[in-house]
Protein chains: 2
Amino acid sequence: MSHYKAPLDNMNFLLFDTLKANQIAECERFEDATEDLFRAVMDEAAKFSEQVLLPVNTQGDREGCQYDPATHSVKTPDGFKDAYQTYMQGGWSGLSASPDFGGQGLPHLLKMIVDEMVCSTNLSFGMYPGLSHGAIDCLTKHGSEALQNAYLPKLIAGEWTGTMCLTEPQCGTDLGLIGTKAIPNGDGYDITGTKIWITGGEQDLVDNIVHLVLAKLPDAPEGSRGISLFLVPKFLEDGTRNTAFCGGLEHKMGINGSATCVMNFEGAKGWLIGEPNKGLKCMFTMMNAARIMVGIQGLGLAETGYQVSLAFAKERLQSRSIAGTEYPNEKADPIIVHPDVRRMLLRQKAIIEGSRAMAYWTGLHLDLSHGHADSSQRERSDDIVQLMTPIVKSFLTDEGFFSCDQALQSMGGAGFTQDWPVEQLLRDGRIPRIYEGTNGIQALDLVGRKLTLNNGRLAHTYLSEMKNMLEGVSNSGHLASANSFIETLQETLGLLIIKAAKDPQEAAAAATPLLRMFALTTLAVLWAKMASQSEDAETMNNYSEAFLSSKRKTANHYFRSYEPEMIALAKEVAAGKSTLMDFAEDEF
Amino acid sequence: MSHYKAPLDNMNFLLFDTLKANQIAECERFEDATEDLFRAVMDEAAKFSEQVLLPVNTQGDREGCQYDPATHSVKTPDGFKDAYQTYMQGGWSGLSASPDFGGQGLPHLLKMIVDEMVCSTNLSFGMYPGLSHGAIDCLTKHGSEALQNAYLPKLIAGEWTGTMCLTEPQCGTDLGLIGTKAIPNGDGYDITGTKIWITGGEQDLVDNIVHLVLAKLPDAPEGSRGISLFLVPKFLEDGTRNTAFCGGLEHKMGINGSATCVMNFEGAKGWLIGEPNKGLKCMFTMMNAARIMVGIQGLGLAETGYQVSLAFAKERLQSRSIAGTEYPNEKADPIIVHPDVRRMLLRQKAIIEGSRAMAYWTGLHLDLSHGHADSSQRERSDDIVQLMTPIVKSFLTDEGFFSCDQALQSMGGAGFTQDWPVEQLLRDGRIPRIYEGTNGIQALDLVGRKLTLNNGRLAHTYLSEMKNMLEGVSNSGHLASANSFIETLQETLGLLIIKAAKDPQEAAAAATPLLRMFALTTLAVLWAKMASQSEDAETMNNYSEAFLSSKRKTANHYFRSYEPEMIALAKEVAAGKSTLMDFAEDEF
């Protein structure tokens, strides 16, 4: 009983009415990316997701991936191979990749929108090209010409896929502990070590897999400054099988259709990407896009959860409205009449549409930071992207999960059964909060790194951009509310910076609630802006009255629901580290 | 890598130091239930749970239950049958049941404690005797002498089990829509209809299953006032197979070891329990105990999640403390040094220990409401039980889930894999928030029924009891904080009662946040009391210094974390229904 229609109206309203994403086409490198092209690509992505990916999502969960120890091979679920062929033939894998190697060079923002639809309909499937995209990005930025020519065309065409091999049993967050070794062999390097949680490390979708592997050279410095990055293909250019083998699959709570592999590199041939000992830097240059992409996963799942639970709430007849029977010809009223069901639905709606606005706004600046003609705008946009990346990743994945949780709850027992897709959404949605840097690590990135860069310039840019966005907002209630979010955030930041300068543990203790304050503030400003946009004369021509009034009502609900939490978060930040750090280990 | 030790120190501190549960033995019917007996039973329950139930919990999840359509039979997971034999032989099934039919007549509070350990180690297993207990309770209160004599001894001995058959495809919350029919047949009734989500409706643990079935008599009034309750055994007294058959199993997100059955009654022989058309009343007299028991499920799961994630946080070495290396001889510090990991652990600890205090306090009053010599104390205790039942059910199951969620998050990728037990705890923990009345329905029970009973007497009793509990609390900070929770709750109640009198939708819109305010207030008072108790001279003789100081530090952390949320909830209640009810259906 799965159900998904790409929310094109919401996406269009956001892109072309609210955020004026049309400005992307003013960048020289994106001159083809007109509104018409955006719309055409989005329509095709909607069809592909609804008609190709959604139908194989449940099967992917139930069947999972199968590992054959005799051949070290992995079979993906029935239907995935065909879906991948369709994906490849549709040209989706090269959407935002470099035209120099066969890509279409379209904006990241457009790719984000396509990714949202893919994640809404089949997150497990989306992981394979998703990781490939990371490898493409990394190779495009840091690979030698020889490696680029040998690998990028096939990767971009989707004929081959890529992986990112970072984690080892003894190191996840702390990559300084990596034990995988790279020994020079004249031509390149022999790579030896075990990597875990490698998405798509082995699978049957494509003929060759290109692993990007973090490892240490023999004379490498200790810790994270001694890590290098290597390209290790499954098959070498002469067709020989390289000694990089899948040793097994993880058994997980969700994303069962995605092959999460243990990878054993047994003196596998590899080639250096970038400079020796600069591997982490190479890896991290593509982290912003990758982390924003993980945020989009949370958003995509939440959208489907909302659509399914909303349809259920309109159909399921149970009890009468407390205000008096609304559907006298039915045996009971649909549960959407009940205030507590509305509470669950509107939490989803306010967060999903607000989060989408935050993500697309960040995506817009990601493109402007690369493509804008004016260097000061590029810098300004880059500030926003740097600051917002951990926020988009954490908030969208946390709230994506909790949104699916509310969807499930509003459906009662039905939601807990596998007759409906929501329990899978909740299971699949549990992992984006963890991978690509746990949400706690994102919060530390925000307070420990992003807020301190360039003497705090990023937060300054952010706050001025928030105020800019409120210009022209006519509803005085929304304006006052959004400004109160900004002021609360600004005060909290001011106090925290003083404390953290004396004691970095204070920043670490405040990281998670502070990240949430940034997110709630961004949503507040964007809700004020969306509500205001719904009264614009030109906009009013293009959407139904219910669609437009819904924006204003959802903004009202957002402010009503989250202003109190914003104050509470400020108090939590102000409360500081003491009650956390007072505990000795034996007092837990 | 599962791990559980019954938290006996915490339980003892709560029972015998803080709540003075010894007073139960002053009730004539519980005169055997001395502290020594409590401790002896708890020690045995700990051994049984740790050694018998925990080892078969993972297998139960992976294997699940198997249905054979040819014979309508259900096979439980390997190991469940043996575990059930041990449970039965240990006399656990009759712990709190009536001695008139072979039970041990011990307090409900003691049963709750045993149930907590059972749910911590194997929720799926615990569902079978848990539902049996409900049937025993109902039959003891409402069955005819003949039915009691025929069924109670076997049920109480655990040789047979019982079920509760309420839900049908078209009715869950709204039982007025029941379609199952009961036609008089001279001896008893022929029952025909389909019931769904029947826990243990069919299984291979015991020889006979006794179904309690809600159905309608031919001349029954419309709606919920026309429902009667029937006893329908799988095998009749002469050994004939009754025509009550399992038609299949639900496929669920969790509790896979628990058989959730579709039950088809095909003219099955049944006998009336209680009076015609009073079936719902019979069912609801045992609802308080059943709902509190579901709350305990959430608590039990959370305790195991905490123990597993705490052990992980002490062992997993990753990165150095931001305040400087703490374990120079290790390659990294254990992650428990990091403030953000502590935030996740302490949320669990503060909520689990506080919730346990709330549940046991309610359980104590459940026993006093039945057994106390003084009728005014019985009434007072009954007020507390009535009011607290929906609160214990909702808060403990919601927070049990979110506590397991924090456990999983603090473990990173490991938590998402099936190598660790936490992902199962989270999946199993999703359903207690739904069954036995969804948590939204509990909140409506609180505002719509419990707060209006006897002119609001229940809330009055509750508030005066909260203030009583604060007598003797010496820490002025804790006292002021706990009092501020009480005052905030009291003000919010005062305002809401005025609004709700004019518009019942206002009460319904406020139900969920208001329920949470009651829970947070109760925990505040109990944390103040536990912290205070930790400085009592006699108490100090019996526990380690770390255990006692931990109580005070956790109380500090509780107040620091939840005072801001309490204010936010009050604002949410005050904001009222408008932003929820303004939406037309096409505006969602």
Number of the exception - A:I497 against (1) open to solvent by less than 10 Å² (accessible area, probe 1.4 Å); (2) modelled with pLDDT under 95; (3) not acidic (D, E): (1)
Going through region B:385-411 in order, the residues found to be in contact with a Ser or Thr (Cβ under 6 Å, 6 or more places away or on another chain) and either more than 14 Å from every other protein chain (Cβ to nearest Cβ) or more than 30 Å from A:G172 (Cβ to Cβ) (or both) are B:V385, B:M388, B:V392, B:L396
Filtered residues of region A:102-117 (kept if surrounded by 24 or more Cβ atoms within 10 Å (Cβ to Cβ) and part of a loop (DSSP other than H, G, I, E, B)): A:P107
Just wondering, is there one or more residues in region B:154-170 that are over 24 Å from B:G247 (Cα atoms) and of a type outside the set (A, V, I, L, M, F, W, C)? yes
Is it the case that some residue within region B:392-410 is more than 16 Å from B:R516 (Cα to Cα) and not in a helix (DSSP H, G or I)? no
State whether the residues of region B:529-543 include one that is over 21 Å from B:R457 (Cβ atoms), basic (K, R) and open to solvent by 50 Å² or more (accessible area, probe 1.4 Å). no
Could you list, ordered by first residue, the pairs with Cβ atoms under 6 Å in which the first is in region B:572-588 and facing another protein chain (nearest Cβ under 7 Å) and β-branched (V, I, T) and the second is part of a helix (DSSP H, G or I) and surrounded by 15 or more Cβ atoms within 10 Å (Cβ to Cβ), at least 6 apart or interchain? B:T579/A:N556; B:T579/A:H557; B:T579/A:R560
Tell me, yes or no, whether region B:347-359 has at least one residue that is within 25 Å of B:C119 (Cα to Cα) and free of Cβ contacts under 8 Å to residues at least 40 places away in the same chain. no
Considering only residues that are closer than 29 Å to A:G354 by Cα and of a type in the set (G, A, S), which ones fall in region A:299-320? A:G300, A:A302, A:G305, A:S309, A:A311, A:A313
Quick one: what pairs do we get from region B:270-282, first residue over 14 Å from B:L166 (Cβ atoms) and of a type in the set (S, T, N, Q), second modelled with pLDDT of 95 or more and open to solvent by less than 40 Å² (accessible area, probe 1.4 Å), C-beta under 9 Å, 6+ apart or different chains? B:N277/B:K216; B:N277/B:L217; B:N277/B:A220; B:N277/B:G226; B:N277/B:I227; B:N277/B:S228
Residue check for B:E50: over 27 Å from B:M540 (Cβ atoms), in contact (Cβ under 8 Å) with a residue 24 or more places away in the chain and touching a Gly at 6+ places or on another chain (Cβ under 9 Å): no
Residue list for region A:360-387, filter: in contact (Cβ under 8 Å) with a residue 40 or more places away in the chain and more than 17 Å from A:D445 (Cβ to Cβ): A:Y360, A:W361, A:G363, A:L364, A:D367, A:L368, A:H370, A:G371, A:H372, A:A373, A:R380
Right, B:A507: modelled with pLDDT under 95 and open to solvent by 10 Å² or more (accessible area, probe 1.4 Å) or not? no
Condition first: buried (at least 24 other Cβ atoms within 10 Å of the Cβ) and part of a loop (DSSP other than H, G, I, E, B). Now tell me which residues in region B:118-145 satisfy that. B:G143
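Let's see how each residue does on (1) surrounded by 22 or more Cβ atoms within 10 Å (Cβ to Cβ); (2) of a type outside the set (S, T, Y); (3) not in a strand (DSSP E or B):
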position	(1), (2), (3)
B:P221	no, yes, yes
B:S224	no, no, yes
B:V262	no, yes, no
B:F284	no, yes, yes
B:V294	yes, yes, yes
B:G298	yes, yes, yes
Selection within region B:186-204 - in contact with a helix residue (DSSP H, G or I) (Cβ under 6 Å, 6 or more places away or on another chain) and open to solvent by 10 Å² or more (accessible area, probe 1.4 Å): B:W197, B:T199
Number of the exception - A:W361 against (1) surrounded by 23 or more Cβ atoms within 10 Å (Cβ to Cβ); (2) closer than 30 Å to B:L175 by Cα: (2)
Residue hits (region B:412-435; more than 8 Å from chain A (Cβ to nearest Cβ) and part of a helix (DSSP H, G or I)) are B:A414, B:V422, B:Q424, B:L425, B:D428
Which of the residues belonging to region A:549-569 are more than 8 Å from chain B (Cβ to nearest Cβ) and surrounded by fewer than 21 Cβ atoms within 10 Å (Cβ to Cβ)? A:R552
Anything in region B:322-361 that is within 8 Å of chain A (Cβ to nearest Cβ), closer than 22 Å to A:D582 by Cβ and part of a loop (DSSP other than H, G, I, E, B)? List them, or say none. B:I322, B:A323, B:H338
Just the residues that are part of a strand (DSSP E or B) and over 28 Å from B:D82 (Cβ atoms), please, taken from region B:226-246. B:I227, B:S228, B:L229, B:F230, B:L231, B:V232
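The values are calculated or read from the model by the stated rules, or taken from the named source; none is laboratory data. Since the model is a prediction, treat every value here as computed from it, not as a measurement. Every residue, glycine as well, gets a Cβ built from its backbone with ideal geometry; the counts of neighbours run over all protein chains shown. Each accessible area value is taken on the protein alone, full model and side chains, heavy atoms only, with ligands, DNA and RNA left out. Shrake-Rupley method; radii C 1.70, N 1.55, O 1.52, S 1.80 Å.
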